[in-house]
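*Asks:* Please read through the structure below; I'll follow up with questions.
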Amino acid sequence: MSDVSTLRDIRPIHKGPRPLIWRRVGAAALALFVLAGLFGFLGDRVGVVEDSVAEGHHLRLEYAETSRPGLDVPFEIRLTRAEGLDPEVTLALTGDYLDMYETQGWYPEPTEQTRDGEWVYLTFATEGQPVMIIDFDAYIQPNAVLPRSGRLALVVDGEPVDPLSFRTVLFP
């Protein structure tokens with residue numbers, strides 16, 4: 001008869017059953033994850049930031065507060081001024097924030113676009129209308145995984161003033 005036993009690794013009866021704590025912790029974590037998904041805590045979420053800025057302008061941004069890589073996301077800027085906008089307005093947007101997007105373009109297209117170390121400057125012709133809506137047709141790059149913070153500001157006398165701050169969190 002062989003000295004090798006198939007019963008060698010079996011827990012003896014006098015030690016009782018294995019503790020169930022890790023199975024219970026795992027089941028609870030899985031249940032919390034499923035409930036978070038069920039109630040919409042893990043899905044895409046649209047955020048809105050808005051404020052009155054320099055010279056009677058009101059700036060509003062609708063953006064993806066939470067999303068996943070590869071998805072189309074909203075990014076809409078609304079600039080209003082009751083007495084009408086200047087014939088040209090320039091907006092400044094944090095350049096690093098835009099790096100997470102794969103873009104199809106701005107609608108309407110800016111008449112001029114420049115970038116320095118921090119900001120992307122977008123100049124738009126407004127024709128003096130009281131409201132201008134600018135849409136950024138883009139989706140999150142598939143390799144983007146880290147959250148990004150950004151700022152949007154109206155440029156007055158060559159300087160961004162009263163920037164709106166926002167943040168996009170990405171889930172895998």
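*Asks:* Within the range 125-166, can you find the residues that are among the charged types (D, E, K, R) and either part of a loop (DSSP other than H, G, I, E, B) or at pLDDT below 95 (or both)?
*Replies:* Within the range 125-166, GLU127, ASP137, ARG148, ASP157, GLU159, ASP162 meet the criteria.
*Asks:* Here is a check on your reading of the model: is ARG115 in contact (Cβ under 8 Å) with a residue 12 or more places away in the chain, more than 15 Å from VAL73 (Cβ to Cβ) and of a type in the set (Lys, Arg)?
*Replies:* yes
*Asks:* Oh, and also: Read through the list (1) touching a strand residue (DSSP E or B) at 6+ places or on another chain (Cβ under 8 Å); (2) free of Cβ contacts under 8 Å to residues at least 12 places away in the same chain, then give the number of the only condition that GLU109 fails.
*Replies:* Status for GLU109: all satisfied but (1).
*Asks:* Could you go through the range 116-124 and let me know if any residue there is over 15 Å from LEU170 (Cβ atoms), outside any strand (DSSP E or B), small (Gly, Ala, Ser) and out of contact with any strand residue (DSSP E or B) (no Cβ under 8 Å at 6 or more places or on another chain).
*Replies:* yes
*Asks:* Next question, about the same structure. Please go through (1) over 24 Å from TYR139 (Cβ atoms); (2) touching a residue at least 40 places away in the same chain (Cβ under 8 Å) for LEU91 and return the number of the only condition it doesn't satisfy.
*Replies:* Tallying (1) over 24 Å from TYR139 (Cβ atoms); (2) touching a residue at least 40 places away in the same chain (Cβ under 8 Å), LEU91 fails exactly one: (1).
The values are calculated or read from the model by the stated rules, or taken from the named source; none is laboratory data. Please read all numbers here as calculations on a predicted model, not as lab measurements. So basically every Cβ, Gly included, is an ideal-geometry build from the backbone, and we count neighbours across all protein chains shown.
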